[in-house]
Structure formats: structure tokens, C-alpha cells
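Read the structure below first, then the notes.
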Amino acid sequence: MTRLSYPIEMEIAGCTAMWTRPDTGDCPVSYPAPTYSAVKAIFESILWGPNIEIIPNKVEICMPIQYHSYTTNYKGPLRNLSVIKNGGSYQLFATVLIDVCYKLYANVIPNHNKKCLPENALNWDKKTTSPGHAYQNIFQRRLKRGQCFSIPALGWREFTPSYFGPLRDSTRVIGGLPVISIPSMLRQVFSKGYCSPVSFVYDTDIVIKNGVLEYPFWSTTHDK
């Protein structure tokens, strides 16, 4: 069955971004552009709703790709137990991106898998015959007002944006970038949607051409 989809778009910029490559281990390195799941999370930070599904389809890179060394004192749960007991931390080294700006594009479709939806989502769903269209309208209003469900992040939560909002006419895609090939790029960690178990999924042979990354379309995303 064909499902109606509704386009949404936004722009986000910031001083620092980190789109972590899982294969880079203890000293993580960023992908040159945001992952599918990162773009999905940015849209959901403006307006989140479990009764719809956001399908990212494209990212336009609007600033040159610049890598930079980054060091922070990590005090998270992955520290050695003895370090945690002593209240200590360890230095985490990473390779991040600086001075970034992206135009993000996605489509919204209804989530027809209602088995895990909370009661308030089911009640909201009963009040509309087109949850995708409703989400699109509410999203656009919130974006123009600068409202958000949670503060958008450029990958790591500490990397907050200097701008997020509607597309700006003054922002242009960096068309002179060389072609960048990414053999394997993380797509999603929770690939079966809302309330799903951990299930890592990767896209292969991704290409950034003329400053544009287009995510592969997976029919299974729509039919899960």
C-alpha cells in the first residue's frame, strides 16, 4: 500500500560537529557529513511524535569540510570502575568537524505499526486522518518560532548549534567539494523504529558529490 509522504526541511549550523564513525574506537573520528540517524534525531528534536516516521533523504553541505583535533575530560559510565570510584576522569581524544552548516531534507510518513505506541500518541492519532500532514504543519510552525522538543545537537550533545531554523536564501551548497566515497556509513542503531531493540544497520558505498549526500531509499523502512 502506498503511503502519503510530506516533505520537511531545515538548516542547522554550528562551531563543532561530531558524526562518529563506529570503526574508529577509543579516539573517534567524524564522518564528513551527518549520518541518517543523526539527521532524523535533529528533526525529532524540533518535534517528536511516535505516530509518524521521519525518513531523511538528503543533506547539503554548505561550508568547507574542516577536521580539527578535540580533547575533553570524559567522566561518563565507560570509565574503569576504579576511576569511577575515585571520581576521576580520562582524556578523550577525537577528530571533529568545525564551522559546519547543513541543509537537511526528509519526508514524513504515518507510523502504521501501533503496537508500541503510548496511549497519548494513540489518542492523538485518532483525532487526525493524516498524521504526516499534521506533523508537517506543526513542525513548520515550531521551526519558524525557534521552538524545539529538545535542544538540537550536532552529533554529541555538547555541540549545540549557532543556528537552526528555516532554510536561508544566503546559504549556498559548497559545490566545489571533491567527490567523497564512504565505503560504510552507520544508518541507524534502532533500525526498526520507535520502541525497537538495538539493531545496527549500515549503508554501503555512499558518495558525497557536489556537496550533496543522498541517503539510499530502503523500502523496508516504510514497510516494517
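Read the figures in this text as sums done on the coordinates, not as results from a lab. Bear in mind that the values here come from a model prediction, so they are computed numbers and not experimental data. Virtual Cβ from ideal backbone geometry, glycine too; neighbours counted across all protein chains shown.
Structure notes:
- With the simple model of a label 7 Å out from the Cα in the direction of the Cβ, Asn210 to His68 spans 3.0 nm.
- Potential lengthening of the chain between Asn120 and Ser199 amounts to 25.8 nm, from the contour at 0.36 nm per residue minus the alpha-carbon distance.
- Phi angles across the range 211-217 convert, under the Karplus curve 6.51 cos²θ - 1.76 cosθ + 1.60 with θ = phi - 60°, into 3J(HN,Hα) values of x, 10, 10, 10, 7, x, 8 Hz, Gly and Pro given as x.
- Unit charges at the beta carbon, dipole of the range 6-172: most positive-side option, Asn86, Cys27, Gly146: Gly146
- Shape class of the range 6-172 from the Cα gyration tensor (axes a ≥ b ≥ c, square roots of the eigenvalues): oblate, since a/c reaches 1.5 or more and a/b does not exceed b/c.
- Evaluating 6.51 cos²θ - 1.76 cosθ + 1.60 at θ = phi - 60° for every residue in the range 92-102, the Karplus couplings come out as 9, 9, 9, 10, 10, 9, 10, 6, 9, 7, 9 Hz, glycine and proline recorded as x.
- Projected label points at Phe149 and Ser162, each 7 Å from Cα along the beta carbon direction, are separated by 2.8 nanometres.
- Annotation: extensible slack from Phe93 through Asn80 equals 3.0 nm (criterion: 0.36 nm per residue apart, minus Cα-Cα distance).
- Backbone N under 15 Å from the Thr24 label point (7 Å along Cα→Cβ), restricted to the range 76-96: 92-96
- Note on Arg141 and Thr128: the model spin-label points, each 7 Å out from Cα along the C-beta direction, lie 1.0 nm apart.
- With 30 Å as the limit on Cα-Cα distance, the pairs of Lys58/Lys144; Lys75/Lys209; Lys58/Lys192; Lys40/Lys85 that go past it are Lys75/Lys209; Lys40/Lys85.
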